[in-house]
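Right, one structure below, let's go through it.
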Amino acid sequence: MKRLPFSGWHFVLAPLALLFALPLVWLLVSSVMSNAEINRFPPALWPHGIKFDGYRYVLGNALFPRWFLNSFIVSAVAVTANLVLGSLGGYAFARIRFTGSKLVLGLMLATMVIPFQLTMIPTFLVMKQLGLIDTLGALIVPSLVTPLSVFLFRQFFVSLPRELEEAAWIDGCGRLRILVSIVLPLARPALSTVAVLTFLATWNDLTWPLIAINTDSTYTLQLGLTTFQGQHHTQWSAVMAGNVITVLPVLLGFLLAQKAFIRSLASTGLKG
């Protein structure tokens, strides 16, 4: 009997992939429909003609480029900060044994199960005391480093053999030099994973910007898109078009980093 050129699991995974892709396909199709076609019941499954009215409405909004830039600034700073601070914290937990290190690590991980709704008001009060409310700083500071990024780096560093670092110790390198010159070049899967997860979290965040930002020129992209939904009338074609533009950077970023992302998940197991 001739064997299949692919795994039998493909018969299960292919329909699941199509099922998960349907919302993206519907988003793309709806973005080139008119508002009448979107609001029609039963809904049209395919547009009668390709219409770019939604894209014109979105790109014609004078503040849309500003919202895009704000989201990019917040996401870029958050990703950079998590890569730097997360790697430093993860390396400290992985290689430096200090009194109470496991307790501190456990307490840090415990904060991951605390709902954002419980920390929302204290975070707002801290940002208010710092004078950052209604500025991009209010969105950046709470995202500078997360327990998840520290944990992922820590787990990856634990999986690396100590012999690589011991050779550098003999040559007189300090911990920071070892981290930058030896460990981080080997940690590309972990770096990619933290970058993708941090970018997704900050780029798609709506709840915290909705609380911390009041001026429309300081809106992020997600918050700005809510202005297309009025109390009595919603520009659904514009909402769909705006979401397509919003999803593209996330989708492209994941496609570019997916191999490193999968390698990192495979290598960062729950090690002591």
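In the context of the full set of protein chains, the chain has a per residue accessible area of 60 Å² (1.4 Å probe). In a simple Cβ point-charge model (Lys, Arg +1; Asp, Glu -1; nothing else charged), region 63-223 has a dipole of about 300 debye relative to its Cα centre.
Residue ranges 81-87, 63-69 sort as 81-87, 63-69 when ordered by packing (mean number of other C-beta atoms within 10 Å per residue, highest first). Each distinct pair of alpha carbons in region 13-97 adds a 1/r term; the inverse of their mean, the Kirkwood radius, is 17.2 Å. The shape of the chain can be summarised by an equivalent ellipsoid whose semi-axes, obtained from the alpha carbon gyration tensor, come to 40, 28, 16 Å from longest to shortest.
In order along region 200-208, the Karplus-derived 3J(HN,Hα) couplings, from 6.51 cos²θ - 1.76 cosθ + 1.60 at θ = phi - 60°, round to 4, 5, 7, 5, 8, 5, 10, 4, 5 Hz, and Gly and Pro are given as x. When only Cα pairs below 8 angstrom with a gap of at least 6 residues are kept, the chain shows a relative contact order of 32 percent.
Computing FRET efficiency as 1/(1 + (r/R0)^6) for ARG175 and LEU28, where r is the C-beta to C-beta distance and R0 is 51 Å, gives about 0.55.
Normalised by the number of residues in region 63-223, the mean separation of alpha-carbon contacts (under 8 Å, six or more apart) gives a relative contact order of 47 percent. Charge dipole (Cα centre; +1 on Lys/Arg Cβ, -1 on Asp/Glu Cβ; no other charges) of the chain amounts to roughly 720 debye.
For region 165-220, the convex hull drawn through the C-alpha positions has a volume of 117 cubic angstrom per residue. Counted residue by residue at 0.36 nm each, then reduced by the alpha carbon distance between them, the extension gain from ALA167 to ALA36 reaches 40.3 nm. Between the beta carbons of THR99 and LEU130, assuming R0 = 30 Å, the FRET efficiency works out to 0.45 to the nearest 0.05. When only the Cβ of Lys, Arg, Asp and Glu is charged (+1, +1, -1, -1), the dipole of region 36-118 relative to its Cα centre reaches about 260 debye. Restriction of the chymotrypsin sites (Phe, Trp or Tyr not before Pro) in region 79-109 to DSSP coil positions whose beta-carbon has at most 10 other beta-carbons within 10 angstrom yields PHE98. One compactness figure for region 63-223 is 1.19, namely its Cα radius of gyration divided by 2.2 N^0.38 Å.
Using the Karplus relation 6.51 cos²θ - 1.76 cosθ + 1.60 with θ = phi - 60°, the per-residue 3J(HN,Hα) values for region 213-224 come to 10, 10, 8, 5, 6, 9, 4, 8, 4, 5, 5, x Hz, with x marking Gly and Pro. Shown is the FRET efficiency for PHE52 and THR215, computed with R0 = 30 Å from the Cβ-Cβ distance and rounded to the nearest 0.05: 0.50.
Relative protection proxy for 13-26, 181-194, from highest mean packing down: 181-194, 13-26 (other beta-carbon atoms within 10 angstrom). Here the peptides 200-211, 104-115 are ranked by packing, the mean other Cβ count within 10 Å, and the order with the highest first is 200-211, 104-115.
Surface composition of the chain: carbon plus sulfur atoms hold 71% of the accessible area, using a 1.4 angstrom probe and ignoring ligands, DNA and RNA. Need one number: the % of Cα-Cα pairs in region 7-158 sitting beyond the 25 Å mark. Considering region 7-158, 61 percent of its Cα-Cα pairs are separated by more than 25 Å.
The values are calculated or read from the model by the stated rules, or taken from the named source; none is laboratory data. All figures in this text were calculated on a predicted structure; none of them were measured in a lab. With ideal geometry, Cβ positions are generated from the backbone for all residues, glycine too; neighbour counts draw on all protein chains shown. These area figures cover heavy atoms from the full protein model, side chains too; ligands, DNA and RNA do not enter into them. Shrake-Rupley method; radii C 1.70, N 1.55, O 1.52, S 1.80 Å.
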